[in-house]
Amino acid sequence: MIKAKQKPLAEIRALIAPYQKILILGCGTCVTISFAGGEKEVGLLASSLRIAAGMDGLQKTFAEATVQRQCEWEFIDAVADQIKRADAVLSLACGIGVQALAERYPDKVVLPGVNTTFLGMAIEHGVLVERCRACGDCVLGLTAGICPIARCAKNLLNGPCGGSQKGKCEVDPEMDCAWQLIYDRLARLGQLDRMEVLQPPKDWAKDYDGGPRKIVREDLRL
Amino acid sequence: MKAGSNLEKVLSSGHFAATGELGPPKSADPEVIKRKAALLKGFVDAVNITDNQTAIVRMSSISVGTMLMGLGIEPTIQMTCRDRNRLAIQADLLGASALGIRNLLCLTGDHQHFGNHPKARGVYDLDSVCLIAMVKGMRDEKKFDCGEEMDVEPRFLIGAAENPFADPFDYRPYRLAKKITAGADFVQTQLIYNVPKFREFMRRVCDLGLDKRCHILAGVGPIKSIGMARYMQKSVPGMDVPEDIIGRLKAVPKEQVRKEGIKQCADIIREVRDIPGVAGVHVMAIEWEEAVQEILELAGLLPRPTL
């Protein structure tokens, strides 16, 4: 899922400074699961901002709402009235939700309250890790189900660099070396010969280097 | 001859090679290059010029290489995948070859996190193995990475690096094999202080027949101080500095540590020279180019052959 992290309060306060009536809009899907922008975080952030505004003697109002998914028109249409009443919408959804609001409400100021961080999972409660870079050309079938694009700091395709030591990455001694993980898993699967195959340069045009990406499914279009 | 460089002649004629290294300055000052060049001239077969080593911005490898040629020293330029995509790499290599540079070391590069611009975007369009294959395609098939043909190909002796001390140890000879299959003509290893471990690495390399397909130069370098040794031992990823290496330096009075470091380096050269499959040494006396002549003299590697 998409993982996000709430922006520092000072940055959020600077973003909303010009506006009086602010709607804080949460999202009930990915950011709820990553504890960054669900109903609970909307409430906590609203309280913090009310206290801060009060201390500064500012006349600001903060309305609260959370929709099931900010990246779908039908869900954001459901809060159209609240959005219209606000000077600005502070979205706690990922960047997709923020942009969906901006596109659906062309005359409304929309501000991001979180930093969309990566595609990943919680490996334990409170520990979120990156697992996919959405590179558009999945190599997991070659690498024992462990992604060197998302999990190697140099996105190497041909094995570990000279900085792999005791299973850890030279960039961060807390981080596993992806290629050590791949090596160990290939060994377990009896497929170590795959480590000897030369991988050609990656086609980054399928990643963001090819420009913004789009999928059109003619079979599904109405 | 693939490139016709002095290094290629030394290696292909069976001489035990000795290469040096020169770190460009963090400035536009050509005098630093002249001073360091004078310390290396005539004592090594070719001089590596690092490419933004440890991800710190320095004078470019190709420009320093060109200056060295003017000073009568054969350069080995280094090219990393960190700072350039395949367009920039190919363009720079065409230019380097046109300027007369004939030796090239292909590297992935230290991560930008370590350097003085940690907020920079790391490119890594290619990795070192892909880079080697691309250069071989340019040289031997006159083809760009995209497959288009060129009129005049760049001529390089293609080098690769390998770290025998990185993990997984069992995989390292196979990773070297990949680089040789991709097109590496010579290899320079990471700094060797753990000679027994390097000997075991070379045994496996020779079992795979890699020493017959590629010239392998053992990386060595003098230790200046006990502090430097400890730093390399504890803080440099992929470095293996055994306790007895530090012990030998600790056994001499403080003012003699440098002298002992030079002797120790020469002793390591003598040891690795006897290991089957080792075709030469690459002496990395980082910011201590003054030491190179004495090390090579003590190791019995001077004078260098003139071919």
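The values are calculated or read from the model by the stated rules, or taken from the named source; none is laboratory data. Because the structure is a prediction, the values reported are computed rather than measured. FYI the Cβ positions are ideal-geometry reconstructions off the backbone, even for glycines, and counts take in every protein chain you see. Ligands, DNA and RNA are stripped out before the accessible areas are found, and what is left, the full protein with its side chains, is counted by its heavy atoms. Shrake-Rupley method; radii C 1.70, N 1.55, O 1.52, S 1.80 Å.
Selection within segment B:99-115: residues that are open to solvent by 50 Å² or more (accessible area, probe 1.4 Å), within 21 Å of A:CYS152 (Cα to Cα) and free of Cβ contacts under 8 Å to residues at least 60 places away in the same chain. The member of this set that is farthest from the other protein chains (Cβ to nearest Cβ) is B:ASP110.
Does segment A:69-85 hold any residues that are assigned to a loop (DSSP other than H, G, I, E, B) and farther than 21 Å from A:LYS7 by Cα, and which are they? Matches in segment A:69-85: A:GLU72, A:ALA78, A:VAL79.
Candidates are the residues of segment A:127-150 that are more than 14 Å from A:ILE182 (Cβ to Cβ) and within 13 Å of chain B (Cβ to nearest Cβ); the one that is nearest to the chain's Cα centre (by Cα) is A:ARG133.
Can you find a residue in segment B:241-263 that is in a loop (DSSP other than H, G, I, E, B), surrounded by fewer than 22 Cβ atoms within 10 Å (Cβ to Cβ) and within 20 Å of the chain's Cα centre (by Cα)? For segment B:241-263, residues in a loop (DSSP other than H, G, I, E, B), surrounded by fewer than 22 Cβ atoms within 10 Å (Cβ to Cβ) and within 20 Å of the chain's Cα centre (by Cα): present. Scanning segment A:192-208 for residues that are assigned to a helix (DSSP H, G or I) and at pLDDT 95 or above turns up A:LEU192, A:ASP193, A:ARG194, A:MET195, A:GLU196, A:TRP204, A:ALA205, A:LYS206.
Here's the yes/no breakdown for (1) on the phi > 0 side of the Ramachandran plot; (2) within 13 Å of another protein chain (Cβ to nearest Cβ); (3) among the hydrophobic types (A, V, I, L, M, F, W, C); (4) in a helix (DSSP H, G or I):
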site: B:ILE89; (1), (2), (3), (4): no, yes, yes, yes
site: B:ASP92; (1), (2), (3), (4): no, no, no, yes
site: B:SER97; (1), (2), (3), (4): no, no, no, yes
site: B:HIS117; (1), (2), (3), (4): no, no, no, no
site: B:VAL123; (1), (2), (3), (4): no, yes, yes, no
site: B:MET138; (1), (2), (3), (4): no, no, yes, yes
site: B:CYS146; (1), (2), (3), (4): no, yes, yes, no
site: B:ASP167; (1), (2), (3), (4): no, yes, no, no
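Applying the criterion of being among the small types (Gly, Ala, Ser), at the interface with chain B (Cβ under 8 Å from one of its Cβ atoms) and more than 25 Å from the chain's Cα centre (by Cα) to the residues of segment A:151-208, the residue that is most open to solvent (accessible area, probe 1.4 Å) is A:GLY162. If you go through segment B:24-59 and keep only what is under 25 Å from B:ARG270 (Cα atoms), assigned to a loop (DSSP other than H, G, I, E, B) and among the small types (Gly, Ala, Ser), you end up with just B:GLY42.
Applying the set (1) in contact (Cβ under 8 Å) with a residue 12 or more places away in the chain; (2) over 22 Å from B:LEU39 (Cβ atoms) to B:GLY247 leaves exactly one unmet item: (1).
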